[in-house]
Amino acid sequence: MHAEPVDLNAWRTLALDFERQLNAVLVGMPRTVRLMTIAVFARGHVLLEGDVGVGKTTLLKAVARGIGGAYQRIEGTVDLMPGDLVYHTYVGDDGRPRVEPGPLIAQGSELSVFFFNEINRARPQVHALLLRLMAERTVSAFNREYHLPWMQVFADRNRVEREETFELPSAARDRFLMEISVEAPDARDQLRSLMFDSRFHDADALIAQVAPATLDHTRLNDVAAAIQDTVRSSDVLDGYGVDLWLATRRPAQYGVRLSDVDIDGFIQAGASPRGVAMLVRAARVQAWLDGRDRLVPEDLHDVFFEAIAHRLCLNPVYESQRPLYARPFISEVLRTIASP
Amino acid sequence: MNRARHASFICTLVVLFASCVPGAGARAADAGGVTLRHIDWPRSFGYRVGDTVPVRIALDIEPGWLPDRDGLPEPGQGDRQFELRRLDVTDARERCARCSDYTLEWQLMKSVRSPQTLRLAPVTLRFRKGSEVRSVAVPAFAIDAAPLLLWQSKKDWIDSVHPGYRASPFTVSAPLRRAGLWALAAVALLAAALWAGGRLGAQAARPFARAWRDVRALRRRTSGDAPALALRALHHACNGTAGCTVFSETLPAFLQQAPEFADLADDLRAAFAASRAHFFGLPPTGRFTTLAEIDTLLRALRDRERLHAWRAAAVAPRPAAPAR
């Protein structure tokens with residue numbers, strides 16, 4: 001760990017430059033890029049959601065290049081076992097069996113971005129390993145403890161195919177700072193660029209445009225702590241945050257209404273204390289990126305859906321149609337709760 | 001001899017007569033130890049059945065003298081005409097140092113059929129000190145009683161209730177009309193004041209009218225939180241008008257939804273910025289820090305809200321007449 005003081009102004013310039021470079025690579029995704037930047041500086045793990053081929057891997061590789069450090073990726077499959085993350089075995093040229101470190105520990109503590117593709121295809125045993133990994137940033141292998149202090153987990157859920165998938169338990173979902181939606185742009189000229197501009201056809205060349213290690217990944221934990229210490233809240237905003245939290249747990253009591261929904265039975269469990277703490281953590285980074293040292297309601301709004309929606313446990317009647325109800329519900333909470 | 005007898009007889013009559021005259025008893029009933037000082041007789045006329053007739057007797061009682069057993073009349077005693085309701089004994093220091101007032105309250109029990117003079121019987125009060133006994137005689141007294149009559153009709157009811165009294169009738173319609181007009185004027189004035197203050201009709205429910213009223217009420221507050229409360233009132237009014245929470249970022253959408261406030265957009269933006277500065281600790285903007293500024297903005301918003309409501313009411317289609 002570094003003991004030298006953090007110059008937050010200089011780091012903010014770096015963060016905005018990092019954001020600018022990502023936006024140059026990823027067409028029409030300014031909000032996604034902003035949320036990823038927030039996640040990087042809040043030191044939170046991220047669930048990614050999006051269709052195939054919309055740029056999730058490109059985004060993650062670009063982020064990893066900008067952060068510096070090592071990048072690893074693993075594909076979730078139904079036969080994936082926890083051991084596959086920490087070691088792999090093979091027969092060497094000399095015909096003797098070999099055991100080598102797996103993707104999690106191959107780079108040691110240098111690992112900064114770990115991408116778990118289609119996490120819901122992996123078995124619950126793998127999810128359990130991931131729980132500890134995300135919470136403690138440590139993993140046990142070869143009779144020792146590996147510390148991964150700068151690692152961030154980015155995971156993708158396959159929402160299209162349901163066969164042979166294992167839905168993430170709520171405890172695992174709750175450990176993700178945000179669930180970010182990655183979508184292809186809507187604007188016609190951007191679609192045209194993606195289609196006809198050859199610059200976007202070669203992902204590796206595109207990612208190479210991002211300056212490597214724009215952010216020093218070994219300083220990010222210190223920067224994140226400094227941001228959380230610097231950006232302050234107020235009594236009124238604290239009250240507003242608590243109201244928002246309670247409205248996700250007891251929406252009827254707070255006057256939240258959804259058409260065609262029995263709001264009394266809509267929510268089985270609202271946001272957890274860890275969830276709202278992460279919400280404020282992300283909101284503080286948003287305020288810092290906007291050049292403020294005080295939180296305002298809009299900071300909470302900017303990250304509320306991504307930080308809270310995936311933590312809500314809906315009634316089974318509505319759970320199967322979560323994409324249909326989650327966003328309107330969050331919007332209604334924000335529309336209903338007043339501040340001041 | 002006959003003359004002497006006549007003179008003696010006349011003197012006796014004079015003495016007897018004097019003893020019967022009210023007030024004369026005070027002079028005549030000096031029994032020593034207990035002295036009759038004065039009798040307050042009630043009026044002698046205008047009684048009807050059920051009325052009370054109080055007789056107050058002031059006695060100067062030397063120390064040691066107490067009412068004898070059965071020396072005072074008991075409540076409930078009386079004749080067919082009067083009944084003693086109660087006997088009160090009170091100190092009467094204003095008369096003399098040892099004086100007490102004995103008040104006999106008689107009640108007229110007889111219902112007369114025509115105006116009649118009734119005689120209140122004489123009473124003797126007896127006091128004892130050891131073996132010595134003194135009596136005080138309260139002479140008889142006469143009152144005039146009148147009958148109770150049934151109302152023959154509403155027309156002469158005053159005469160029937162109070163026989164002998166002639167009421168002079170007067171017309172009350174003119175004063176009643178005057179009083180009604182004044183009451184009507186007062187109600188109209190009150191309604192006008194309520195309307196002007198925004199407390200009457202549909203405007204009472206309009207968010208900015210309500211907020212402006214609340215802020216006006218804040219002028220009486222001496223605490224320093226009045227501007228903060230006024231800003232809250234402004235926010236509530238915006239939220240009430242929009243039907244959802246209005247934040248700085250959604251203010252443009254609010255103004256698009258409610259274009260009647262568009263000319264106040266700059267002031268609204270400034271007020272919201274001041275609110276953010278006040279409530280969330282941002283640097284102060286210098287505007288909308290006083291109650292008067294917020295009051296002025298809210299009044300302008302209320303005026304536009306009212307104008308918009310009138311226009312909307314004017315162009316609203318009237319309900320179609322039911323088909324015959």
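Each reported figure results from applying straightforward, stated rules to the coordinates on display, with no laboratory input. On a predicted model such as this, the values are computed, not experimentally measured, just so you know. Note that each Cβ is placed from the backbone with ideal geometry, even for glycine, and that neighbours are counted across all protein chains shown.
What the table below lists for this structure:
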| item | result |
| --- | --- |
| Residue mean of other protein chain beta carbons inside 10 Å, A:288-300 | 3 |
| In Hz, Karplus ³J(HN,Hα) per residue of the range A:271-281 (6.51, -1.76, 1.60; θ = phi - 60°; x = Gly, Pro) | 5, 7, x, 5, x, 6, 5, 5, 4, 5, 4 |
| Given charges at Cβ of Lys, Arg, Asp, Glu: the range A:4-79 dipole, positive-most of A:23, A:38, A:66 | A:23 |
| Per-peptide average of other Cβ atoms within 10 Å, ordering B:278-290, B:81-93 highest first | B:278-290, B:81-93 |
| 5 angstrom amide H check on residue A:76, placed H, neighbours 5+ away | A:117, A:118 |
| Environment charge of residue B:112, counting only residues whose C-beta is closer than 11 Å and scoring Lys/Arg +1, Asp/Glu -1 | +2 |
| Shielding by other protein chains, A:329-339, mean Cβ within 10 Å | 3 |
| Neighbouring partner chain Cβ atoms per residue of B:274-280, average, 10 Å criterion | 6 |
| Compactness of the range A:196-276 - radius of gyration and Dmax, Cα, Å | 21.8, 54 |
| Inter-probe distance in nm under a simple model that places probes 7 Å from Cα toward Cβ, at residue B:113 and residue B:185 | 5.8 |
| Length released on extending from residue B:195 to residue B:253, taking residue separation times 0.36 nm less the Cα-Cα span | 17.7 nm |
| Peptides B:60-69, B:170-179 ordered by average Cβ neighbours within 10 Å, highest first | B:60-69, B:170-179 |
| For the range A:231-336, the fraction of alpha-carbon pairs in successive 10 Å shells from zero, as % | 15, 49, 27, 9, 0 |
| Largest-first ellipsoid semi-axes for the protein assembly as shown, taking √(5λ) over the Cα gyration tensor eigenvalues, angstrom | 105, 34, 24 |
| Ordering of A:322-335, A:301-314 by packing [mean C-beta count within 10 Å, highest first] | A:301-314, A:322-335 |
| Gyration tensor over alpha-carbon atoms, chain A, equivalent ellipsoid semi-axes in Å | 32, 25, 22 |
| FRET efficiency for residue A:90 and residue A:262, using Cβ-Cβ distance with R0 set to 51 Å, rounded to 0.05 | 0.35 |
| For the range B:186-315, alpha-carbon Rg relative to the globular expectation (2.2 N^0.38 Å, N residues) | 1.08 |
| Antiparallel DSSP beta bridges within the protein assembly as shown, percent to nearest 5 | 70 |
